[in-house]
Structure formats: structure tokens, C-alpha cells
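Below you'll find the structure, written out as C-alpha cells, and then a few comments.
The values are calculated or read from the model by the stated rules, or taken from the named source; none is laboratory data. Computed from a predicted model, the values in this text were never measured in an experiment. Quick reminder, even Gly has a Cβ in these numbers, built from the backbone with ideal geometry, and neighbours come from all protein chains shown.
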Amino acid sequence: MKWQDRVRLAWRVLWEAPSSRVRRAAVPWSSRAAAPRWTLAKARGTIDIDRDKVHLERDGFMDYALDGFNRNSLIYAAIMYKVFAQMNAPLRAMVDTAQGVEVAPLDHPLAQLLNRPNLFQSGAEFENQNTVYKNLAGQTFVLLVRPPRGGFPLALYSLRPDRVWIIPQDIRRIAADWNIKGYWYVPVGKSLRDGLPVLPQDMMHIRLPNPADSLMGMGYGMAPLSPMARTGDVDNEITEFLKQFFEHGTQLGGIVSFNVDIDDDAAARIEERWQQVYGGHQHWGKVIAAGGGAQFQPLSMSFRELGFAELDERNESRILMPFGVHPILLGTRLGLERSTLTNYPTARTSFWEDRFVPELQLSEVEYQYYLRTKDGAYPAYDLSTVPALQKNISELVDAARAMCEMGYNKETATATVGLQVHEVTPGADVAEEEDALQADNDDRDKRAGQGGTIPMWLKDDRRRLWYKLDGQARAWETEFGDAANAAFEHDKRSLLAILQTHKSRNLELKQSVDWEAISQDWREYLDTQSPTFWQDTFAPLIAGLITETATEWAAELGISFEVINPLALEAFEDYLVRFAQPIDETTNTAIVAMLQQATFEGWSIDQMANRLETLFEQWKSGNVDAAEFEWFAERAPFWRREMIARTETMRALNFGSFAQFRDWGFLRKEWLTQMDGRQRESHGDAVGQIKPIDEPFIINGYEMMYPLDGSRGASAKEIVNCRCAVLPA
């Protein structure tokens, strides 16, 4: 669509958007007796749209979020089970090739968009948010931010469902002509009148079926919480009842009667004294002793009479049914009592096959419609790493054998059971395979300088391991980036404080700006305090990533040895020092350049303060307009947050892997590079290089104990944004 057409259509959407006159009719009081507390938020609103009025009934999203997701542990657990399950099936950019479907290179625009939908969310965080919205509201709205003249989206944003209004076509037209003109998004804190129009092609609306939709399937989806709302409210009230029980004692209600008349004051004193002596769980087992013919008659039923066990089981099943999550997967009372651990794998597989894979496909088809690129790349959920969906090879082999015994030929049997078998025929084929394997060995031996090496990892293994390690590092990038922003903010505030101290001193002594003195104080801070703060900020993150990596390697290798404690490693302290040094040097280089320019051009302290703010903002977010850097004679700094996050996650991962391999007794190590066209030439030449565990790899003439290692003087050109990994050999 041409940009002129986009502007014209946007104006139509804006003209027909909701006005500020939104009237909500309260639910009659008579309906409250039957309706659960957190379904009362449903209200009927009227939106004025130019000539027509469209009545829409919206679910109380915030009530579902607060009274359901936030207040009910079972609802929270069911939704979060889906959230964490989905992380096993990441959304990837795929391409069709002659060899089949393959993952697109990481520098492909679609891959970059899916890995980082926007500046503030990773791909995993973005998908997690959408999963929560879909299960709370029955729908997700994804805003596609395109370039000014249209084209492939630059960013994706998940909008809160209750903040988006659908603008339908003229309702006086016949149903066949109905359409969606656009959407009206109202940010939190803004009035309906201050909303933003969104074109239909810029909004991805993924919805669950709603039989009451007046827009014939184009309107709002039905929330899974809607049919379970009453049951969820009952479950919440039971929890509240138990809370009151423990606060007020073993009997919530009863009558203490005497065979004599008592006045109001005496009754009040008795009530107060009774609560003091027998109230609360701390007086649980006390015995009642009363004189004067006093008798106690309870009014409430016992737990057995209330049937809490049956109520719990009923609530659990009714709450979990709309989500499709089996009780045993969450460890609920019903799941544990009615199932055994042998049922767990079946329940997990059933969850994926019958419920979650179709639910992912509901989103996948929308992603593919809106995000397919001109070169044929498309988004798809990668189910190959989902444990519950992996085939049981032993069972498939037994099934194929049984079919062969029934008279079927081998090809038909294996194809029927879904068993992919690589045929090995006698004679020439065997010789060819042996030659290919020997060629692979010879090539690796030549690179590594080792004789008679048998490969530990096959080609497919290396590719799988690289994606696994790369994904593990990327999962930590957000936390590393946030830590970098916190450290940058600390540096900025400290430098500004030093600058302000000099300003006050100059005003008091009526002196001009002494940039040399400021430079000395700044240098002292950057050499002493700044590195310590960076080390303290990143130490727990680096230790956490190392521990996670070692645990994953133990599972991959089937090793039962203990996982090392990074904080106890002697090399860990040296690692932290080396980690902070290049960051400090880069910061100091830019600061020195600013000071030299300030001296030459005669900046004021206020000018320096403002420009220091701009410099650090560019390092943290990278979105400072180029015009704001016209004052800087040096090249505008790059977005350091992303570079630090990407580099330091892979460096920590490889450092931890190398330390763990040595602790486990591996004698050799192998350099792994992903050959996708984006690798450094020197790192591509290192593929298959094998070295003794305590000898360095030789990369472009530099010695490196593991990828991204700078302890032996390797250039930053061989380290920054490196994606290589180390394997045990």
C-alpha cells in the first residue's frame, strides 16, 4: 500500500473512532446475588461512531487479572504452566530450502524481529505476555510498527486487551459487507478521546472463539476465565473462609448461654473475654471451663460437614478444564490422589498434542499472514525441542518389527509408524559412508593437529548444541542489559556529582572551569569505583548463567558429578576484573574526547552536564536522534547496552563451560562456530579445532582458552559479539 493511501485510511479510522462519550450502565443490584464478585465488571458500553452506535460488551479484564490471576493460585499456576511450556517451543524465522525447512540466519530481518520484537522485550518475554493475555482475556492485540512509508515491521508491541477497541464497518450494511475499519488504542492513563487509531493491517488480533460475538467472528474473543468465573469465585471464598478460621479460632460462630439473665454490659465483657481466651489459632487446643450453667452451642459446621475435600476437587477440575491443563501437571490434590507418576508423561504429552500445539497454531497462522517476508521467510514455532513431543524410538522400532512379522515389508512398516530410518545397504553404500566419515575425521585431524581423532559430536549434534547454547545466552541478555543500564546510570550520576562539586567550588571562588581538575577526578572514579560497581552488579548474573550452563551440560552428557560453584573458583575473581576493564576503558576514551572538546570550545559546566546525559542515554537505549550528537566531534557512540549484553552472556557461558569441562576431567576441547555466513573468517577457519584442555586455541594468531577469552591479549575484533562456543572433546 502506498503511503498516501495509508494516510487516507488512517484519517478515516481517526474520523470514525470512539468519542469521549462512553456511557457504562451498571449491572443491576439484583443480579449481584447470583453473579460471582469478579464477573460484575462486565458492563455494556455505547461508543458513538459518526452516524451509528455499536454496543459492545467487554469482559472485566482487570478483575480477571486481579481476582483471578493474582488472587487464585490455581489459575495462576495453570496459566504460568502454559507460559513456561511455550518457552520450549520458541518462535523462529524459517526458510524453505532444497534440503527442507531450515532456521533462517540470525541477521535475517525476521529473525532479528522475533528475537527482539522491541527495545524493551526479548522474544520470550513478548510471547509470555501474549500467552497470559490470551488466557485471561481470550485474545491478544499485537501492534506492528512499520516505517513511515510502510514495509516490513520495525517492532512488535503486545497491547493490553482491555485498552483496544474495535471499530467495525457501518452496521447498517448487510452482514456480508461487514468489515473492520480499524482499532482504537487507549494507553493507560489516557482518556478515550486521547486514544490512537490503528489500521487493520497494523494490528494482529489473535482471538479465541466467541459464540456471542456480534461481529461474526471479527470481534472480541471469549476469555477462558468466563465459564469458570463462578467456580473461581467459590475457590477464592473458601480460601477467605480458611483465613477467617485461623484468625478467629476453631469455631467461627456460636452461642454461649447462661441460665441467668445478663445485661448488655455483661454480655459485651463475656464476648470480649471469650475472644481473648479462645480466639485465634494460637489457642487452638484450649479447653473451655465455665460455671453458672454456661453452655456453648456451635452454629457453624465442621470441616467434614462442610465437605472441603469434595469442594477442592470439584473446583480444581472445573478451573483447570478451560485451560486444558491436567491436575497432575500442577501437583494439585486431585491430580496427586487420582493419578500416579506413571500417568505424568501421558498427561504432559496429551496437553501438548490435544491442547497446546493447536493453541500455538492459532497464533502461528496470524504471524505467518502478517510477517512473511518477500524472500519467503516465515515465522513458525519450533517444536523439535519439546520433550513431550519427542518420539519414543524403542516403541516405534517394536511397532515396525511387529508389522514386519505380520508380512509387511520394511519400508512400509517404518513409514507407517513414522520411523525415519537411514538405509545402509551392503557393498558400495557402506564404503561410501565409511569414506565420508574418514574424510570428516581426516579434516578435523588436520585442523586440530591431532592424529587418529574419532569425532565426539556429529554435524547435526554440533548444530543442535549451538542453537541450544545460543538460546541459553539470549535468555539472559535482558537481565545483563538491565544490569548494564543500572551500571551506566550509576556512572553517569557519579560523574555528574563530581561535575556539580566543581561548579559549586568555582562559583564560590569565582574561578573559571578547570577541566584538568575535573578530568583527574573523573579518571580516579573510573579507575577505582566504577569497575568495582560493575563487578558487584554483574557477579550474581554471571554466576547464575555459569551454574545454569553447567547444569545443562551435565544433563546433555549424562554426568552425575556435582556442578561447580562459580563463586568458589579462583579464576572467577580474575574473570570479573577482566570483564570490567574494557568497559571502563571504552567509557574513559569517550569521556577524554569530550573533555578535550570542552576545553577547546570553551563549554560551560551546564553544557557538559547536558551532553553527558545525552552520551549515556545513547549508550543505554541507542535511540538518541543523530541531530543531538552534532556537538560531538568524535563518532557517535554505538548502543553499548546491547553489545555488552550479547558479548558478556556468551563469554560467561563459555568460561563456565570450560571450567566445568576441566573440573569433570575432560582432556580435550573443541571450538564450535555456526557457519551461517555471519561468522568471522578467522572463526570459520577454527571450526573443528581440538586442543588439550589446558592449551589455548589459536585464532587468527591470538591465544584463547575458550571463545571470547581475552585473558591472553586477544583483540576485541575477535571477541565482541562473537557467537562461538566450546565443546568437550
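Pull up the range 473-498, narrow it to residues that are touching an Asp or Glu at 6+ places or on another chain (Cβ under 7 Å) and among the hydrophobic types (A, V, I, L, M, F, W, C), then point me to the one that is nearest to LEU106 (Cα to Cα). The selected residue is PHE480. Scanning the range 499-518 for residues that are surrounded by 17 or more Cβ atoms within 10 Å (Cβ to Cβ) and either out of contact with any Gly (no Cβ under 9 Å at 6 or more places or on another chain) or not assigned by TED's automatic domain parsing to the domain that holds MET608 (or both) returns LEU499, HIS502, LYS503, TRP515, ILE518. Would you check which residues across the range 372-397 are charged (D, E, K, R) and either at pLDDT 80 or above or touching a helix residue (DSSP H, G or I) at 6+ places or on another chain (Cβ under 8 Å) (or both) and list them? Those that are charged (D, E, K, R) and either at pLDDT 80 or above or touching a helix residue (DSSP H, G or I) at 6+ places or on another chain (Cβ under 8 Å) (or both): ARG372, LYS374, ASP375, ASP382.
Every listed requirement among (1) under 26 Å from GLU585 (Cβ atoms); (2) part of a loop (DSSP other than H, G, I, E, B); (3) of a type in the set (A, V, I, L, M, F, W, C) is met by PHE666 save one, (1). Scanning the range 152-171 for residues that are modelled with pLDDT of 90 or more and part of a loop (DSSP other than H, G, I, E, B) returns PHE152, PRO153, LEU154, ARG160. Considering each residue of the range 715-725, count those that are hydrophobic (A, V, I, L, M, F, W, C) and modelled with pLDDT under 90, and give that number. Within the range 715-725, residues that are hydrophobic (A, V, I, L, M, F, W, C) and modelled with pLDDT under 90 number 2. Screening LEU113, LEU106 for residues that are hydrophobic (A, V, I, L, M, F, W, C) and assigned to a loop (DSSP other than H, G, I, E, B) leaves exactly one candidate, LEU106. Would you be able to say whether some residue in the range 529-551 is of a type in the set (A, V, I, L, M, F, W, C), outside any loop (DSSP other than H, G, I, E, B) and within 23 Å of GLN607 (Cβ to Cβ)? No, because not a single residue in the range 529-551 is of a type in the set (A, V, I, L, M, F, W, C), outside any loop (DSSP other than H, G, I, E, B) and within 23 Å of GLN607 (Cβ to Cβ).
What is the number of the single condition among (1) loosely packed, with under 14 Cβ neighbours inside 10 Å; (2) in contact (Cβ under 8 Å) with a residue 12 or more places away in the chain that PHE538 does not meet? For PHE538, the failing item is (1). Screening GLU703 on (1) crowded, with 19+ Cβ neighbours inside 10 Å; (2) under 23 Å from ALA580 (Cα atoms); (3) not aromatic (Phe, Trp, Tyr) shows it passes everything except condition (1). Taken over the range 668-678, the criterion of being in contact (Cβ under 8 Å) with a residue 40 or more places away in the chain and either farther than 18 Å from GLU703 by Cα or outside the structural domain of GLU562 (by TED's automatic domain parsing) (or both) is satisfied by GLN674, ASP676, GLY677, ARG678.
Tell me, which residue of the range 127-143 that is touching a Leu at 6+ places or on another chain (Cβ under 6 Å) and assigned to a strand (DSSP E or B) is surrounded by the fewest Cβ atoms within 10 Å (Cβ to Cβ)? Going through the qualifying residues, I end up with LEU143.
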